[in-house]
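The values are calculated or read from the model by the stated rules, or taken from the named source; none is laboratory data. Since we're looking at a predicted model, the values are computed, not measured. Virtual Cβ from ideal backbone geometry, glycine too; neighbours counted across all protein chains shown.
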Amino acid sequence: MVYEASILDNLNQFLMYTGFANVTLAHIIMIIIGLVFIYLAITKDWEPMLLIPIGFGILIGNIPLFPGLNVGVYEQGSVLNIFYGGVQQGWYPPLIFLGIGAMTDFSALISNPKLMLIGAAAQFGIFGAYTVALALGFSPSEAGAIGIIGGADGPTAIFLSGRLAPDLMGAIAVSAYSYMALVPVIQPPIMKLLTTEKERLIKMKAPRAVSPTEKRLFPIVGFLLTAFIVPSGIPLLGMLFFGNLIKESGVTKRLATTASGPLVDVVTILIGITVGASTQADKFLQWSSVKIFILGAFSFVVATFAGVLFVKFFNLFLKEGNKINPLIGNAGVSAVPDAARVSNNVGLEYDKTNFLLMHAMGPNVAGVIGSAVAAGILLAFLG
């Protein structure tokens, strides 16, 4: 009898440590959200490189745990907590920017510098959402971290929220990456609403050829200008332009290949898994998270509106033959190259010969720089 009682005690103790004994409705809701992310990535091909790691990370973070197991992302010293340190301390985002720089061709922007203004205009979404977030009761630091979602730049959102609003980082990061994935869904209706058929048919001049010297000088000059203006953005801007320099120098192909391939892939996996795991039900399922997602959508919509409307306004001062197709205004957000692809696809709906991809890449890469500069400005004032 004593032996049987001991077995029952051990069995009860084992059951206490299982997820089944500790599961709540909140855990189930979050697991469903994680499964939806994975489903959308696989079936709809919506940012699978991001949504699959984040979705699986949500599953990992919402397995009900018995207190004291020391395996959760918020438990000091656990493996997940060590990985999460790269998010909390902000060294994953600069590594992502290094890879982006090594993958990006800035030729479209160099050949037509005025396209940079479109990338700047799209940042209005960030500051618009900041103002609304303040009105909804968020602190200035929290409002700044939420506003950056409008840049459609997940690494920048993580970098800024980790410094300004660590407690909201999970919701902000998931919101930013979600809207990056939804670029092909959200932007086309806005672009069509704001433009006339005549404007959609505007054909832009082919970009001029850019010399290797210009490509090599651009990251150096670009970094010096932006870093002197916004020194607080150096971690992101420095790595972005350095990545582009090793790509364009022509003598560091191994470094460029590593930065744009294996390095960025590994960091993407780690950032996706840990950001997803940080969305534990008790921390994520709060009213503040709902407000963040609403504000993120508002910020992203305003950024798209601002980009398209700015092009329409800018065209008033350009001669016939030099006008810009307003459909590339949406590309001012930094979702590279998805926003540029949307510009191209919408343009092709109205003229099968009007290829806007190369033109749209100009404001698109300008948006990457713009969001990093905006993050630096917010960090300087609020950090």
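Miscellaneous remarks
- Breaking point among (1) touching a helix residue (DSSP H, G or I) at 6+ places or on another chain (Cβ under 9 Å); (2) surrounded by fewer than 20 Cβ atoms within 10 Å (Cβ to Cβ), for residue 316: (1)
- Condition check for residue 128: in a helix (DSSP H, G or I) and either out of contact with any strand residue (DSSP E or B) (no Cβ under 6 Å at 6 or more places or on another chain) or modelled with pLDDT under 90 (or both): yes
- Test result for residue 310, more than 22 Å from residue 156 (Cα to Cα) and either buried (at least 18 other Cβ atoms within 10 Å of the Cβ) or of a type in the set (Ser, Thr, Tyr) (or both): yes
- Check on residue 321, more than 25 Å from residue 129 (Cα to Cα), among the small types (Gly, Ala, Ser) and part of a loop (DSSP other than H, G, I, E, B): yes
Table: residues versus (1) within 14 Å of residue 120 (Cβ to Cβ); (2) in contact with an Asp or Glu (Cβ under 9 Å, 6 or more places away or on another chain); (3) part of a helix (DSSP H, G or I); (4) not basic (Lys, Arg).
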position	(1), (2), (3), (4)
300	no, no, yes, yes
307	yes, no, yes, yes
346	no, no, yes, yes
349	no, no, yes, yes
353	no, no, no, yes
359	no, no, yes, yes
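- Lone qualifier among 336, 267 - being modelled with pLDDT under 90 and at negative phi: 336
- Top-ranked residue of segment 219-241 - restricted to ones that are of a type in the set (Phe, Trp, Tyr) and in contact (Cβ under 8 Å) with a residue 12 or more places away in the chain, ranked as surrounded by the fewest Cβ atoms within 10 Å (Cβ to Cβ): 223
- Considering the conditions (1) surrounded by fewer than 24 Cβ atoms within 10 Å (Cβ to Cβ); (2) among the small types (Gly, Ala, Ser); (3) within 30 Å of residue 23 (Cα to Cα), residue 297 is excluded by exactly one of them, (3).
- From the list 162, 151, 147, the one residue that fits, being touching a Phe, Trp or Tyr at 6+ places or on another chain (Cβ under 6 Å) and not hydrophobic (A, V, I, L, M, F, W, C), is 147.
- The criterion of at least 2 residues that are on the phi > 0 side of the Ramachandran plot and surrounded by 24 or more Cβ atoms within 10 Å (Cβ to Cβ) is met by none of the helices (runs of 4 or more DSSP H) wholly inside segment 26-103.
- When residues in segment 347-368 are screened for being of a type outside the set (D, E, K, R), over 18 Å from residue 208 (Cα atoms) and surrounded by fewer than 24 Cβ atoms within 10 Å (Cβ to Cβ), 3 of them pass.
- Selected residue (only one of 252, 258 is under 27 Å from residue 87 (Cα atoms) and either modelled with pLDDT of 95 or more or not hydrophobic (A, V, I, L, M, F, W, C) (or both)): 258
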